[in-house]
Amino acid sequence: MSTETLPPVEKPKESSRPEEKIKEAFDKSWNVIVWNDPVNLTTYVVHVFMRVLGFNKEKATKHMLEVHQLGRSLVATETRERAEFYHQQIQAFGLNVTIEPSS
Amino acid sequence: MKARMHGGKLVVHLNAFEARLLDRVFRVILKNYELKPADLDPAVAEVWYATRGCRGAQMSAEETGEWLSALHQLKSDSIRRLEVWAGRLSASKPGGHRLALELGEADVLLKVLNDYRMMVAARQQLGEAEMNLADDFELLELPPGRRIALMEIDILGALMEQILAALLQD
C-alpha cells in the first residue's frame, strides 16, 4: 500500500451551479430581429433569409413583408451562440439586424 | 445582363457597359474591404459594420472589437476573388463578358453589389424619401452626386434582381 498522501478531493462548487443553470436558461432564448431599411431590395432580403436561416421561399417572403410593412421582423429565437452566428451572417449580407434577450 | 443557372453554376453575361460598371464597382469595393472598420468612411462603417446589434447583445467593448474583426475578415475573404473578377472584366471583349460562378461565389457577388449600393447611399445620405422619388423630374432637381448615386443604386439593383431571379428558379 502506498503511503503517499492523496490530494484532497475538490468539493463541487455548488454555489456556481444555480448561476450556470440560470445562464443556460438565459442562453436558450435570444431574439434575432431584422429591421427595415430603404436601400435593400425585398428580393434580396428573401434570399438572405433563405440562405442564412434556411427558410423556404414562403416563410422568407412572410418575414420580408413584416420587415417592409411593420419595420421589423423577429426571424429567430435561439441560443445565444446561434443568435450571434445569425447576427453576424445577416449583417455580412448587409441587412440591419440586432439580437436581444427574449422576455 | 443575362443571368441563368447552368450545370449548377450561375452564368452571368455582361455587355460592355455592364462589364465596365462592375469592374469599377469591384475596384472601389476592393479598396474599401481592405480598410479596417475604424479606417473606413464613418458613414459607410455605420452601415457595413453597424454595432447596434452588439449593444443589444450586451457585448463588452472587447467582444464588439472581436466581432468587428470577424466581420471585416468575412469581407476581406472576398478580396482575392474580386481581384480575379475585376481582371477578367477589364480585358476588352467585343462580344461581352461571361462569369460562371459557384453558388457561394454568387452570394459574394450579391454582397458586393449590395455593399456598393449601401455605401453610396450612406455617403450621399440617401434615405426613404430619395429612394422613393416618384419621377425623373424630382431626380433631376437633386445635386449631381446624389443623382449619380441613385442611378448607380438603381442599375445595380436591376442587376441584382436578375441574379436573384436566376437563383430562385434553380
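Among rounded, prolate and oblate, which fits the stretch B:58-149 when a ≥ b ≥ c are the square roots of the eigenvalues of its C-alpha gyration tensor, a/c under 1.5 means rounded, and a/b larger than b/c means prolate?
oblate
Please quote Rg/Rh for the protein assembly as shown to two decimal places, taking the Kirkwood radius as Rh and restricting both calculations to Cα atoms.
1.10
Compute the Rg/Rh shape ratio of the stretch A:64-103: radius of gyration over Kirkwood radius, all on alpha-carbon atoms.
Across the stretch A:64-103, the Cα-based Rg/Rh ratio is 0.97.
Which pairs in the list B:9/B:111; A:57/B:93; A:57/B:2; A:62/B:36; A:57/B:9 are over 27 Å apart, alpha-carbon to alpha-carbon?
A:57/B:93; A:62/B:36
I need the fraction of alpha carbon pairs in chain B separated by more than 30 Å, rounded to a whole percent.
When all Cα pairs of chain B are counted, 24 percent exceed 30 Å.
What does the average come to when, for each residue of peptide B:103-115, you count the partner chain Cβ atoms lying within 10 Å of its Cβ?
If you average over the peptide's residues, the count of other-chain Cβ atoms is 3.
Three principal axis extents, largest first, for the C-alpha atoms of the stretch B:27-94, in Å?
54, 21, 17
Please give the charge dipole size of chain B, origin at the Cα centre, charges +1 on K and R Cβ atoms and -1 on D and E Cβ atoms. Round to the nearest 20 debye.
About 720 debye.
Quick one: net charge around residue B:2, please, counting Lys, Arg +1 and Asp, Glu -1 for every other residue with C-beta under 13 Å from its C-beta.
My count for the surroundings of residue B:2 gives 0.
Using alpha-carbon positions, what is the distance between the centroids of the stretch B:1-66 and the stretch B:96-170, in Å?
When both Cα centres are located, 12 Å separates them.
Taking the alpha-carbon set of the stretch A:32-103, what are its Rg and Dmax in Å?
11.0, 31
Explain nothing, just the number: dipole magnitude of the stretch B:81-164 about its Cα centre with +1 on each Lys and Arg Cβ and -1 on each Asp and Glu Cβ, in debye rounded to the nearest 20.
Result for the stretch B:81-164 is approximately 500 debye, rounded to the nearest 20.
Can you tally the net charge around residue B:162? Count Lys and Arg as +1, Asp and Glu as -1, for every other residue whose Cβ sits under 11 Å from the Cβ of residue B:162.
0
Every read-out reported here was derived from the displayed coordinates using simple, explicitly stated rules and does not represent laboratory data. These numbers come from a predicted model, not from an experiment. Heads up, the Cβs are rebuilt from the backbone with ideal geometry, glycines too, and the neighbour counts pull from every protein chain shown.
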